[in-house]
Amino acid sequence: MELADIPAILILVGIVAYAILAGADFGAPIWAVTARGEESNRLSESGHRSMAPVWEANHVWLIFVLVICWTAYPEVFGSIFSTLWIPLILACLGIIMRAVGYVAGGVSMSRAFTILAAVASLLVPFALGTVIGAIVDGRVPPGNAQGDIITAWLAPVPIAIGLILVASSAYLAAVYLAADADRRGEDDLASAFRTRGLVAGVIAGLLAAIGLIVLEKNVSAEFFDGLTSGLGLVAVIVSGVAGMLTLIMLWTRRFREARFMAAAAVAAVVAGWGIAQQPEMLPGLTIEQAAASDEVIIGLLVAVVIGLAILIPSLYLLYSLVLGGRFDPLSVPAADAAGVEEPLGPASRRALGFVLGAAGIGGLMLFVSDSGVTLYLGLALFLAGTAGGVVLLARSLVRTPPV
Amino acid sequence: MPPVLRPGDACPALRRDQQRQYHRRAEYSVGVLDLIAAAGDFAFGPGNSFPAVDQDYLLEARQMQAMSFVMHIPLVCFGIAFPSLVIFMEWLGLKTGKAHYTAIARRWSKVMITLFAAGVVTGTLLSFELGVLWPGFMAAFGDVFGLAFGLEGFSFFIEAIFISIYVYSWDRISPKRHILTGIPVIAAGITGSMFVIAVNAWMNNPSGFDVVNGEVTNVKPFEALFANGHLWPQLTHMYLAAYIVVGFIIAGIYAFAWMKGRRGAYFRTAMVVPLAVACIASPAQLLIGDWAARTVAEDQPIKLASFEGLYETTEGAPETIFGWYTEDNTIEYGIEIPKLLSLLSYHDPNATVQGLETVPEDDWPNINVVRLSFQTMVGIGTGLAMLSAWFLWIWFRRRKLPETKWFYRAVMVAGPGAVVALIAGWVTTEVGRQPWVVYGVMRTEQAVTGADGIVFGFAALLAVYLVLIGTVFWVLRRIARQPFPPEIAALEERGEGDHGTG
């Protein structure tokens with residue numbers, strides 16, 4: 001693997017994270033429209049409650065993908081965004097409309113807001129799917145708006161991928177919301193989402209099968225071979241199997257496991273795309289040609305490593321609070337309120353001392369040295385200390401009983 | 001092909017030393033411009049595969065970008081400044097045990113997350129627009145400044161994660177820990193704005209790369225972004241602006257309640273704390289603004305000349321207030337104050353200030369737009385500083401609030417006024433940078449997309465933004481109308497007063 005490939009892998013990781021985390025954002029309002037009256041309100045309220053604390057963070061993954069792309073492959077970014085500006089702006093408008101729903105608060109949402117959010121929820125995954133489809137189908141030539149701004153994305157492959165993303169978002173949302181409702185003890189809601197998830201899962205599976213046929217008929221032989229041989233084939237099979245398993249788990253009401261399996265199915269198919277898309281990112285432009293200089297990529301990787309050292313514990317904290325039910329309404333007693341351990345016991349206090357010490361010494365080394373081993377050692381110590389601090393804070397928060 | 005500045009014929013009217021001054025900050029750009037002449041249109045395309053494309057709607061593209069900034073920047077102010085006010089209130093409540101501080105923090109935290117949500121999506125749009133509207137810029141320079149956005153992305157992550165934790169964990173964790181979860185929000189607000197400003201500072205004062213054969217090479221991203229003299233004045237200027245905007249807007253809302261007779265502990269505190277913050281930041285901003293303007297004078301003399309509408313290079317240049325810059329390069333109806341411009345720009349009444357005449361008219365921004373917005377910003381900023389002096393004088397002399405209703409009326413106007421000054425300031429620096437997207441290196445028309453139909457995107461965006469604005473205001477009103485907890489209601493002289501508080 002070359003240095004130039006690493007940012008591409010980060011982009012794929014970002015896309016997977018965005019798809020499995022924010023994908024559920026865009027599925028939730030679709031389900032609210034499928035019921036009427038009181039049930040619709042309950043579905044949309046349940047979706048709002050699950051998503052509201054996490055949706056902003058979920059959206060940052062999209063920005064992460066964009067930033068890595070324009071820093072590491074500036075020309076690819078400029079080409080994609082100029083030729084595919086229409087679906088990209090549509091996606092963005094959809095994201096804004098979806099946010100209007102969150103801003104409005106979810107509770108006692110009027111039907112108009114529900115429909116607005118549902119339209120946005122269809123629009124965003126579809127539009128972003130067509131962007132991926134246009135790249136897969138080789139419809140984005142390098143250069144400033146060198147592709148056709150309409151037919152580049154309104155073509156069989158982009159449309160097929162757009163539809164698959166809509167279906168899988170709806171599916172992911174149903175699976176996640178069923179798990180959340182189950183955790184909160186709302187069995188009827190869990191059942192409602194389970195049924196919807198089963199329907200959406202079957203539709204998503206069928207669309208994926210049709211999508212493969214569309215791909216075979218349209219994309220370059222090189223891409224299709226990449227997807228149907230070697231590692232690409234492994235990824236596709238893994239995705240298919242994981243998708244099947246999710247349905248079985250949903251059927252048997254093992255919602256938590258279904259959630260992770262659904263995420264795995266999405267991750268596998270994105271990995272397959274990454275494998276098949278090599279070596280050309282855009283027609284006539286390989287990763288090596290498109291990549292920025294080594295110095296830029298190394299700088300970017302340093303930034304990403306620093307960022308991830310802080311981000312991962314923070315995300316862990318957020319999701320452990322959310323999935324642990326700590327943000328659920330207070331009338332629902334937290335399942336594990338009894339028997340939690342002391343938030344900052346002696347062991348934790350000692351750990352806190354270590355962490356602060358490491359960060360302090362590291363910071364001092366950073367401050368006094370401007371090159372060589374001491375600088376890097378200082379940086380490493382400082383980051384480790386900071387990350388450790390966040391972990392400790394996270395642990396103590398998760399373990400404190402609700403007031 | 002747009003006419004480009006060539007080193008030989010660019011500044012015929014310049015004396016040798018002035019010529020050096022004009023080119024000093026852009027040493028490489030002389031080399032660049034030589035190469036433009038050699039490489040024709042394709043000066044900035046990596047490998048010449050990203051040529052500039054004709055775009056009839058360049059102005060519309062710029063306006064779409066401008067409108068998106070105008071939506072986003074006031075929200076950024078709330079992202080930077082509001083969390084620390086909220087957390088300060090909660091800390092006061094914890095320290096004193098008085099319920100109204102905590103009640104304020106609770107209510108404000110709902111406002112905070114609503115505005116943050118709007119900030120997230122308007123910010124997402126901006127990052128899309130960088131590519132959709134300015135692909136030439138991104139293709140040529142994305143690698144030079146991308147690092148800062150990468151770091152900003154992580155700041156944004158931290159802010160989004162902890163703002164959620166803060167807002168959703170009221171009553172779920174102990175108050176001390178709750179305050180701790182707010183600290184990362186404040187820190188990420190600082191770092192996030194620093195990284196974005198680093199990119200803007202770089203666009204105004206580019207460095208950290210070479211241009212060889214029309215290609216941007218030898219990129220040193222850290223040097224480009226963080227070894228830049230424009231970063232610190234710009235960041236400080238923006239940071240103070242955020243506190244001024246947020247402080248005066250919130251104080252203005254409660255000043256309205258004050259005028260309506262709601263003057264209990266809750267309303268009084270909710271007005272005085274943001275007001276005090278804004279009143280400390282406003283006078284300081286005059287000094288910081290002076291620092292920022294001197295950096296411009298140093299590195300972007302033509303931009304300074306367009307702030308002032310100064311045509312001729314002048315020794316002991318006067319400052320002209322009001323008026324209109326005309327075709328024949330004079331200012332009509334202006335009031336001239338002798339030597340003030342030299343004094344302000346170089347802290348020397350007889351310093352020479354470079355005029356617009358030293359570069360071709362193609363290299364000028366729209367003088368009247370820049371000049372008017374600069375004067376708006378300075379005028380409002382001065383007014384806010386005077387209002388602050390009024391408040392601080394009364395407060396420190398008599399330990400009480402001014403009695404006259406005119407003070408509260410002035411505070412109500414100060415909020416929107418501060419927003420206007422903020423936007424005028426950004427118009428000054430962004431339009432003042434024109435016709436360059438990367439000052440002295442890449443022109444805006446080389447950056448713009450070649451795609452058709454951008455105007456339709458502009459219209460659709462406008463419609464969606466109207467819905468967003470409407471919803472945000474509706475939600476804020478709804479938050480304002482939520483009834484108070486009983487102990488706060490009892491504190492207020494008129495217990496029913498739970499209206500119009502924001």
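Assorted remarks:
- Per-atom-type breakdown for chain A gives carbon and sulfur 71% of the accessible area (1.4 Å probe, protein chains only).
- Three semi-axes of the equivalent ellipsoid, the protein assembly as shown, Cα gyration tensor, whole Å, largest first: 43, 38, 25
- Counting, for every residue in B:214-223, the Cβ atoms of other protein chains within 10 Å of its Cβ and taking the mean gives 3.
- Legend: mean number of C-beta atoms from other chains within 10 angstrom of residue C-beta atoms, peptide A:148-157, equals 1.
- Loop-located GluC sites (Glu not before Pro) in region A:1-65 (DSSP state other than H, G, I, E, B) with a sparse environment of at most 12 neighbouring Cβ atoms within 10 Å: A:GLU2.
- Percent RCO, i.e. relative contact order, over chain A, from Cα pairs under 8 Å lying at least 6 residues apart: 17 percent
- Structural descriptor for chain B: relative contact order 20 percent, calculated from alpha carbon pairs under 8 angstrom and at least 6 residues apart.
- Region B:360-457: trypsin sites (Lys or Arg not before Pro) in DSSP loop, at most 11 other beta carbons within 10 Å: B:ARG399, B:LYS400
- Scattering curve values for region B:26-491, log₁₀ I(q)/I(0), Debye with Cα scatterers, q = 0.08, 0.11, 0.12 Å⁻¹: -0.53, -0.96, -1.12
- Highest mean first, the peptides A:96-103, B:82-89 sorted by other C-beta atoms within 10 Å per residue fall in the order A:96-103, B:82-89.
- Positive-end residue, region B:26-491 charge dipole about Cα centroid, Cβ charges, pick of B:ILE158, B:LEU94, B:ALA66: B:LEU94
- Listed residue (B:PRO221, B:PHE149, B:PHE456) projecting farthest to the positive dipole end of chain B, Cβ model: B:PHE149
- Packing, as the average of other Cβ atoms within 10 Å across residues, places the peptides B:280-287, A:141-148, B:145-152 in the order B:145-152, A:141-148, B:280-287, highest first.
- Dipole size of chain A about its Cα centre, with +1 on Lys/Arg Cβ and -1 on Asp/Glu Cβ: approximately 1180 debye, rounded to the nearest 20.
- Counting only Cβ charges, +1 for Lys and Arg and -1 for Asp and Glu, the dipole size of region B:26-491 around its Cα centre is about 4300 debye.
- Estimated dipole of region B:286-335 in Debye, rounded to 20 [Cβ of Lys and Arg +1, of Asp and Glu -1, Cα centre]: 200 debye
- Buried accessible area, chains B and A (both chains, 1.4 Å probe, Å² to nearest 100): 6100 Å²
- Working note: Cα atoms of chain A, range along each principal axis, descending, whole Å: 65, 63, 38.
- Counting charges near B:ILE454 (Lys, Arg +1; Asp, Glu -1) among other residues having Cβ under 11 Å from its Cβ returns a value of -3.
- Each other residue within a Cβ distance under 15 Å of A:VAL136 adds +1 if Lys or Arg and -1 if Asp or Glu, for a net charge of -3.
- C-alpha long axis of helix B:367-398 to longest principal axis of chain B, angle in °: 30 degrees
- Region B:383-441-region B:130-161 distance, computed between alpha-carbon centres (Å): 30 Å
- Residue by residue along A:90-101, Cβ atoms of other protein chains within 10 Å of the local Cβ number 6 on average.
- Residue-averaged [θ]222 nm for the protein assembly as shown, counting only DSSP H segments that reach four residues, each worth -39500 (n - 2.57): -25000 deg cm²/dmol
- Inter-label distance, nm, simple model (7 Å from Cα along the C-beta direction), B:ARG268/B:ILE321: 3.8 nm
- Packing-based ranking, highest mean first, of B:241-253, B:214-226, B:91-103 given that Cβ atoms within 10 Å are counted: B:241-253, B:214-226, B:91-103
- Two-site FRET efficiency, B:ARG294 against B:ASP54, from Cβ-Cβ distance with R₀ of 51 Å, rounded to 0.05: 0.85
- Multiplying the residue separation of A:VAL202 and A:LEU364 by 0.36 nm and removing their Cα-Cα distance gives an extension gain of 52.5 nm.
- Accessible area in square angstrom per residue, region A:3-292, 1.4 angstrom probe: 34 Å²
The values are calculated or read from the model by the stated rules, or taken from the named source; none is laboratory data. Quick caveat: nothing in here was measured; it's all calculated off a predicted structure. Glycine also receives a Cβ, built like all others from the backbone with ideal geometry; neighbour counts cover every protein chain displayed. Just the protein is used for accessible areas: all its heavy atoms, side chains included, with ligands, DNA and RNA removed. Shrake-Rupley method; radii C 1.70, N 1.55, O 1.52, S 1.80 Å.
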